[in-house]
């Protein structure tokens, strides 16, 4: 086994580096304008059902199920092009790439995401995220359940996890304890879910936007204790 790195940064994608809520709204608008309100609502219902079933949003799988219900509407084939050719780079949050570059200067930096095997990797690639990091992209079905694999690939004395979902941050904190510093950017629907915020412990560090990390002494994220003593943790 290779020698552990002093620190490894793990960064989520949706609503952490990319405005995924904006992508979803663009998709809803396109569905409505092209196929009508009924088609939009039905597709989204299938998408949410798959979310419950799989634990992540399977946009391509939902489209396939929707097509089964409308086998003669060949116009639906154009939807796959809209999804796969979407200009993801235009939805990057301000300074997202600069943050990745900064993290990479301090230690190995990997994308850590959930998702399917087609749409999610394409999103990461077309947004240019892998090129700015170390080229390491980890996409699991449930990343909080794959921490042993993350450790195998990136052994470290300490991890810093940046994610917009407090549920994920709490699960990883319970698994890794003081070996991880959790960072919550308050971006997107999940980071503002009042029920989740009230039910779970706060992250070690809460910021308003991903670009705010450029204003922090990132080298001090190496231990939770040093962070707590030098930063004001907010909710």
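Computed quantities for the displayed model
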item	result
The chain: angle of helix 37-54 to the longest principal axis, Cα-based, in degrees nearest 10	40 degrees
Separation between Cα centres of region 14-57 and region 193-218, rounded to whole Å	26 Å
For the chain, diffusion coefficient by Stokes-Einstein and Kirkwood Rh (Cα), 10 °C, 1.306 mPa s, µm²/s	85 µm²/s
If the convex hull is drawn through the Cα atoms of region 20-88, its volume per residue in Å³	83 Å³
Estimated 222 nm signal from helices in the chain, with DSSP H stretches of n ≥ 4 weighted -39500 (n - 2.57), rounded to 500	-13500 deg cm²/dmol
Segments 89-100, 33-44 sorted - mean Cβ within 10 Å per residue, highest first	89-100, 33-44
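Values quoted throughout were computed directly from the atomic coordinates according to the rules given, and no laboratory measurement underlies them. Not measured: the values here are computed from a predicted model. Note: ideal-geometry Cβ built from the backbone for every residue, glycine included; neighbour counts use all protein chains shown.
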